[in-house]
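Below is one structure, written out as structure tokens; comments come after it.
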Amino acid sequence: MPANRKAEKVLIIGLDCADPKLVFDRFYDELPNLRSLTQRGLFGPMQSCIPPITIPAWSCMASSKDPGQLGVYGMRNRADWSYDKLNFATSQAITEPLLWDIVGQYGKKSFAFAVPETYPPKPIKGWKVCSFLTPSIQSEYTYPSSLKAEIASLVGEYRLDVRGYRTDQKDWLLDEIYKMTEQHFTVIRHYMAKCDWDLFWLVEIGPDRIHHGFWQFMDPQHHRYEKGNRFEHAIRDYYRFLDNEIGKLLAQVDLDRTAVWVVSDHGAKLMKGGVCFNDWLIDQGYLKLKEYLPGPTRFADVNIDWSATKAWGEGGYYGRCFINVEGREPHGIVPQSQYESFCRELIEKLERLPDHQGKPMGTKVYRPEQLYRSAKGFPPDLIVLFGEMDWRSVGTVGTGGLYTFENDTGPDDANHALNGIFICTGPGVAAKDGGTNRQIAIYDLAPSVLTQMGLPVPPDMIGRSILPA
């Protein structure tokens with residue numbers, strides 16, 4: 001196949017949280033459809049953004065812009081410099097053009113299915129079904145709105161997500177993940193056949209949910225793993241199921257004329273435990289409370305003495321540290337003149353933080369200006385990857401220690417890993433590239449797809465096409 005031939009269509013299959021160690025190594029021989037795609041084209045790890053989390057990673061992929069340029073640093077972001085205003089990330093936060101916006105400018109039609117951070121649905125030249133971040137199916141979650149009734153007629157009560165996936169009810173959880181995924185692929189196949197699309201981009205959230213719910217049963221290194229447990233192969237079996245669903249999609253397209261991508265926003269890894277970030281800040285004298293806490297308390301419910309507090313943290317898969325800066329926060333006490341030295345002090349202490357056994361944890365701490373070309377909105381002052389994300393950040397205060405092995409938001413076995421996956425086949429990929437293993441960045445997808453479609457790449461995209469021009 002000539003490397004310079006334009007793709008008539010592009011199909012992007014997004015598997016949230018799919019991990020290269022599982023897809024290209026551990027389960028590779030049991031995934032015939034994915035394996036076949038790797039043998040036809042380029043594949044390998046795809047380095048995510050920092051932080052490597054669903055929001056903002058999919059928007060970074062679709063825009064070829066970094067989190068700072070987007071002004072989105074997680075699922076919840078500061079609304080201003082006050083202490084208590086956090087906004088959930090929605091499509092309204094994204095002002096940069098996304099891939100379907102760009103191809104629409106050239107008359108190309110797109111179908112965006114369940115791509116995160118698309119709710120509420122903005123108009124598109126084509127069709128859109130919003131993701132798990134949609135509040136409920138009572139919301140208007142499609143564009144055009146008529147798709148909502150059509151989806152209901154196809155599958156009944158549509159599952160946006162597995163609500164409450166952080167649970168000990170593992171039989172229920174596994175059943176719900178399969179039911180949700182089956183629904184999604186039923187809808188996807190319907191619209192792939194019905195709509196006259198040029199670009200079809202889908203994202204399935206199921207891999208993320210099964211990793212967080214079942215990693216302990218698969219990984220012998222997990223502290224709760226028991227050999228021979230009945231969920232030991234739950235993740236493997238789900239990947240096999242996904243591969244079969246992907247095979248049905250591939251049967252609907254002409255692989256000689258359609259470029260196919262399989263991508264994930266980040267990978268997955270064992271989560272050793274959690275670092276109680278705010279308790280550590282209290283222990284170090286940086287965060288002051290007005291009253292004694294009798295037990296674990298949500299940070300939002302804690303009475304903070306802001307007049308004596310220098311820094312506080314947010315929980316999540318990574319830690320966000322905010323500094324109480326004089327003249328910026330309402331009761332800021334860290335002088336602007338001491339801001340840089342205070343940041344260095346925090347970074348040095350956090351990166352020296354040992355684990356629960358006194359061993360080096362390997363925490364990495366970044367300033368936004370180290371990572372991003374700009375920092376729109378209200379970015380964290382420090383971005384903390386505890387143990388390079390072997391540990392999560394726990395925002396709860398009053399836990400009684402600095403380390404915990406129970407997640408404060410419900411049972412969770414896995415954290416995110418920096419590398420996701422990519423597979424690229426079709427027009428634009430030379431025959432000699434079949435089976436080529438290489439690494440790319442999350443920002444490279446959008447310019448590469450535009451190249452495959454024969455469209456110009458905007459000069460402000462920070463990624464580069466992995467294909468010949």
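The values are calculated or read from the model by the stated rules, or taken from the named source; none is laboratory data. No experiment lies behind these values; they were computed from the predicted model shown. With ideal geometry, Cβ positions are generated from the backbone for all residues, glycine too; neighbour counts draw on all protein chains shown.
Is there a residue in the range 457-465 that is assigned by TED's automatic domain parsing to the domain that holds Thr95 and outside any strand (DSSP E or B)?
Kept after step one, since they are assigned by TED's automatic domain parsing to the domain that holds Thr95, are these residues of the range 457-465: none.
No, there is no match, as no residue in the range 457-465 is assigned by TED's automatic domain parsing to the domain that holds Thr95 and outside any strand (DSSP E or B).
Name the residues in the range 202-212 that are in contact with a Phe, Trp or Tyr (Cβ under 8 Å, 6 or more places away or on another chain) and farther than 18 Å from Gln183 by Cβ, would you? Quick ask: steps written out before the conclusion?
First pass over the range 202-212, keeping only residues in contact with a Phe, Trp or Tyr (Cβ under 8 Å, 6 or more places away or on another chain): 202-207, 209-210, 212.
His212, the sole residue that qualifies.
Among what's in the range 15-39 and is surrounded by fewer than 19 Cβ atoms within 10 Å (Cβ to Cβ) and over 13 Å from Ile246 (Cα atoms), pick the residue that is modelled with the lowest pLDDT.
Gln39
Quick one: in the range 415-450, which of the residues that are part of a strand (DSSP E or B), β-branched (Val, Ile, Thr) and in contact with a helix residue (DSSP H, G or I) (Cβ under 6 Å, 6 or more places away or on another chain) is farthest from Arg257 (Cα to Cα)? Working first, answer last.
Quick first cut of the range 415-450, residues part of a strand (DSSP E or B) only: 415-417, 419-425, 436-437, 440-441.
Next cut, β-branched (Val, Ile, Thr) only: 421, 423, 425, 436, 440.
Restricting the remaining residues to those that are in contact with a helix residue (DSSP H, G or I) (Cβ under 6 Å, 6 or more places away or on another chain) gives 421, 423, 425.
Values: Ile421: 23, Ile423: 16, Thr425: 10 Å.
The selected residue is Ile421.
Kindly indicate whether Val262 is in contact (Cβ under 8 Å) with a residue 40 or more places away in the chain, within 23 Å of Ala57 (Cα to Cα) and assigned by TED's automatic domain parsing to the domain that holds Trp58. Step through it out loud before you land on a result.
Values: in contact (Cβ under 8 Å) with a residue 40 or more places away in the chain: yes; within 23 Å of Ala57 (Cα to Cα): yes; assigned by TED's automatic domain parsing to the domain that holds Trp58: yes.
Taking the combined requirement at face value, the residue satisfies it.
Going through the range 117-128 one residue at a time, which ones are in a loop (DSSP other than H, G, I, E, B) and either free of Cβ contacts under 8 Å to residues at least 40 places away in the same chain or touching a Gly at 6+ places or on another chain (Cβ under 9 Å) (or both)? Don't jump to the end; show me each part of the working.
Taking the range 117-128 and keeping what is in a loop (DSSP other than H, G, I, E, B), we get 117-125.
Once the filter is applied, which keeps residues that are in a loop (DSSP other than H, G, I, E, B) and either free of Cβ contacts under 8 Å to residues at least 40 places away in the same chain or touching a Gly at 6+ places or on another chain (Cβ under 9 Å) (or both), the range 117-128 yields Thr118, Tyr119, Pro120, Pro121, Lys122, Pro123, Ile124, Lys125.
Return yes when Glu117 is among the acidic types (Asp, Glu), crowded, with 18+ Cβ neighbours inside 10 Å and closer than 30 Å to Asp412 by Cβ and no when it is not. Spell out how you get there, then give the answer.
Numbers: among the acidic types (Asp, Glu): yes; crowded, with 18+ Cβ neighbours inside 10 Å: yes; closer than 30 Å to Asp412 by Cβ: yes.
In short, yes.
Report, by residue number, each residue of the range 387-411 that is touching an Asp or Glu at 6+ places or on another chain (Cβ under 9 Å) and farther than 25 Å from Leu293 by Cα.
Answer for the range 387-411, where residues must be touching an Asp or Glu at 6+ places or on another chain (Cβ under 9 Å) and farther than 25 Å from Leu293 by Cα: Gly387, Asp390.
For the range 1-116, which helices (runs of 4 or more DSSP H) that fit wholly inside it have 2 or more residues that are closer than 19 Å to Gln452 by Cα? Don't jump to the end; show me each part of the working.
On the way: elements: 32-40, 54-63, 67-70, 99-104.
It comes to 32-40, 54-63, 99-104.
Identify, by number, the condition in (1) within 26 Å of His416 (Cβ to Cβ); (2) of a type in the set (Gly, Ala, Ser); (3) crowded, with 22+ Cβ neighbours inside 10 Å that Ala259 doesn't meet.
The number of the failed condition is (1).
For the subset of the range 222-240 comprising residues that are charged (D, E, K, R) and touching a residue at least 60 places away in the same chain (Cβ under 8 Å), which member is surrounded by the most Cβ atoms within 10 Å (Cβ to Cβ)? Show your work before the answer.
Here is the first cut: in the range 222-240, the residues charged (D, E, K, R) are 224, 226-227, 230, 232, 236-237, 240.
In the following step, the residues that additionally are touching a residue at least 60 places away in the same chain (Cβ under 8 Å) were identified as 224, 236, 240.
Details: Arg224: 12, Arg236: 16, Arg240: 14.
Among residues in the range 222-240 that are charged (D, E, K, R) and touching a residue at least 60 places away in the same chain (Cβ under 8 Å), the one surrounded by the most Cβ atoms within 10 Å (Cβ to Cβ) is Arg236.
Does Trp81 qualify as being aromatic (Phe, Trp, Tyr) and within 25 Å of Gly247 (Cα to Cα)?
Working: aromatic (Phe, Trp, Tyr): yes; within 25 Å of Gly247 (Cα to Cα): no.
So Trp81 fails the test.
Assess whether Glu326 counts as being assigned by TED's automatic domain parsing to the domain that holds Tyr403 and under 24 Å from the mean Cα position of the chain (by Cα). Break it down into steps so the answer makes sense when it comes.
Details: assigned by TED's automatic domain parsing to the domain that holds Tyr403: yes; under 24 Å from the mean Cα position of the chain (by Cα): no.
Taking the combined requirement at face value, the residue does not satisfy it.
Kindly establish whether Val253 is within 15 Å of Ile12 (Cα to Cα) and touching a Ser or Thr at 6+ places or on another chain (Cβ under 9 Å).
no
Looking only at the range 399-452, count every residue that is under 30 Å from Lys9 (Cα atoms), among the hydrophobic types (A, V, I, L, M, F, W, C) and over 25 Å from the mean Cα position of the chain (by Cα) and tell me the total.
3
Any idea how many residues of the range 362-386 are crowded, with 20+ Cβ neighbours inside 10 Å and more than 21 Å from Trp81 (Cα to Cα)? First the steps, then the outcome.
Step one: filter the range 362-386 for residues crowded, with 20+ Cβ neighbours inside 10 Å, giving 363, 365, 372, 379-380, 382-386.
Within this subset, residues satisfying the condition of being more than 21 Å from Trp81 (Cα to Cα) are 363, 365, 385-386.
Of the residues in that region, 4 qualify.
Which residues, taken from the range 341-387, are over 20 Å from the mean Cα position of the chain (by Cα), hydroxyl-bearing (Ser, Thr, Tyr) and either outside any loop (DSSP other than H, G, I, E, B) or in the same structural domain as Ser82 (by TED's automatic domain parsing) (or both)?
Within the range 341-387, Ser341 is the sole residue that qualifies.
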